[in-house]
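Everything on this sheet refers to the single structure shown next.
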Amino acid sequence: MATLAFETIPHGNPTPADKRAALMADPGFGKVFSDHMVTIRWTPDKGWHEAQVRAREPFRIDPAAAVLHYAQEIFEGMKAYRLPEGGFSLFRPEENARRLNASAERMAMPEVPEELFLAAIEELVKADADWVPGGEGSFYLRPFMFASEAFLGVRPASEYIFCVIGCPVGAYFKGGFKTVSVWISEEYTRAAPGGTGAAKCGGNYAASLSATKEAFANGCDQVVFLDAVERKWIDELGGMNVFFVMDDNTIVTPKLGTILPGITRASVIRLAEEAGYTVKEELYSFDQWQADARSGRMREAFACGTAAVIAGIGTVKYRGGEFAIGNSGDGETTTQLRAKLTGIQRGTAPDAYSWTRKVQA
Ligand code: PLP
Ligand code: COI
């Protein structure tokens, strides 16, 4: 399909350069937003239409819009990086397009053609090029789709809006790029077999919030979910996948199924194998985690995702106590894999896998 033409509606009141610079000085994560957004509408008769790049502003949606009642919503998370030689780089954006469409299928929503998804992302990066930080920062892109049809029957909606917004971001965790602590959620689960765990839908995150609140109340940065059936196997974190590094150079990560198939996860597996590690995607229990950490068999553990990149896990807390991993700081493997990944993402290391896609403003 030929991709839609985007109409650009000029921004009437863009942020002045000095104010933008002040906002970008220490943006944190997801709090500072760029000037524009991309919107595209879908109806059964027209399909995707009315593709616009325009000033970021609140939506006017009907109070009966299906998303507000039945949470028919999906999203993606990806980053653009400012390249040393000029221009920008996107990291494996085709994978985000594919995952969005897998989520769309699970949530009975229309597919967004891959070229249209990529064009929408690039339009926003170009429109908000001045908002893409250099240095350790990046421009976090949040493509999402929601059911905008007004009706209260429970069925797939017949009107949708696809939108992309963006934020200049620094570190995801409060306190900067650091080793994090995690809380094991023994009461709340996130995703059951046959459910939506592998889809990136808002409802999964809504269901994770009580556990996240519990994690924060216990002084932790993130929550770890166990499987919903046996409450025994490690699934993933609230917004990241998890890896365990053993002393014999094997790396274990929970297998796919009820977890989000992370693009960082897939990339880390590839980089780790290339670096000589044996990577096992398998069931790994919380009991085993404790035993391996206490015996010293586990050297390191880390969380990974687009927002967090790769963050070492230093401490694990649960109702019955807590334990440390390795020396509670980022280990050698974590540091090595992060350097390899961020080098490719930021264009400072060769992209042997053709993972990056260049955008010129
Ligand atoms: N798991 C969950 C629940 C997430 O929200 C994310 C973030 O997107 C990830 C894992 C990591 O996925 P990715 O590496 O594609 O960002
Ligand atoms: C991402 O990493 O893109 C996510 O969606 C995770 C979220 C916790 C910000």
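The values are calculated or read from the model by the stated rules, or taken from the named source; none is laboratory data. Source: prediction; values computed, not measured. Here the Cβ positions follow ideal geometry from the backbone for every residue, glycine too, while neighbour counts run over all protein chains shown.
Considering only residues that are without any contact (Cβ under 8 Å) to a residue 60 or more places away in the chain and surrounded by 14 or more Cβ atoms within 10 Å (Cβ to Cβ), which ones fall in region 298-322?
Initial filter on region 298-322 (without any contact (Cβ under 8 Å) to a residue 60 or more places away in the chain): 298-301, 310, 320-322.
Scanning region 298-322 gives Met298, Arg299, Glu300, Ala301, Ile310, Glu322.
Hey, Phe173 hits all of (1) farther than 26 Å from Leu118 by Cβ; (2) away from ligand 2 (no atom under 16 Å from the Cβ); (3) surrounded by fewer than 21 Cβ atoms within 10 Å (Cβ to Cβ) but one; which does it fall short on?
Among (1) farther than 26 Å from Leu118 by Cβ; (2) away from ligand 2 (no atom under 16 Å from the Cβ); (3) surrounded by fewer than 21 Cβ atoms within 10 Å (Cβ to Cβ), the lone unmet condition for Phe173 is (2).
Whether any residue in region 130-137 is surrounded by 18 or more Cβ atoms within 10 Å (Cβ to Cβ) and more than 23 Å from Lys31 (Cβ to Cβ) is what I want to check.
No, that holds for no residue.
Kindly check whether there is at least one residue in region 170-181 that is of a type in the set (Val, Ile, Thr), at pLDDT 95 or above and not in a loop (DSSP other than H, G, I, E, B).
Checking region 170-181: not a single residue is of a type in the set (Val, Ile, Thr), at pLDDT 95 or above and not in a loop (DSSP other than H, G, I, E, B).
Just a yes or no: is a residue in region 308-319 over 17 Å from Tyr81 (Cα atoms), part of a helix (DSSP H, G or I) and not assigned by TED's automatic domain parsing to the domain that holds Glu95?
Within region 308-319 (the criterion being over 17 Å from Tyr81 (Cα atoms), part of a helix (DSSP H, G or I) and not assigned by TED's automatic domain parsing to the domain that holds Glu95), the answer is no, since none of the residues qualifies.
Kindly provide the set of residues from region 325-361 that are over 30 Å from Gln290 (Cβ atoms), crowded, with 18+ Cβ neighbours inside 10 Å and of a type in the set (D, E, K, R), ordered by number. Steps first, answer last, please.
Going residue by residue through region 325-361, those that are over 30 Å from Gln290 (Cβ atoms) are 342-361.
From what's left, crowded, with 18+ Cβ neighbours inside 10 Å: 344-347, 355-356, 359.
The answer is Arg346, and nothing else.
Which ones in region 231-250 are crowded, with 22+ Cβ neighbours inside 10 Å and more than 16 Å from ligand 1 (Cβ to nearest atom)?
Val245
Among Leu68, Leu23, Leu4, which is part of a helix (DSSP H, G or I) and touching a residue at least 40 places away in the same chain (Cβ under 8 Å)?
Values: Leu68 fails: touching a residue at least 40 places away in the same chain (Cβ under 8 Å); Leu4 fails: part of a helix (DSSP H, G or I).
Criteria check complete, one pass: Leu23.
Out of curiosity, is Ala228 outside the structural domain of Thr15 (by TED's automatic domain parsing) and within 16 Å of ligand 2 (Cβ to nearest atom)?
In short, no.
Listed residues Ala157, Ala228, Ala211, Ala198; which is within 16 Å of ligand 1 (Cβ to nearest atom), over 20 Å from the mean Cα position of the chain (by Cα) and outside any strand (DSSP E or B)?
Criteria check complete, one pass: Ala228.
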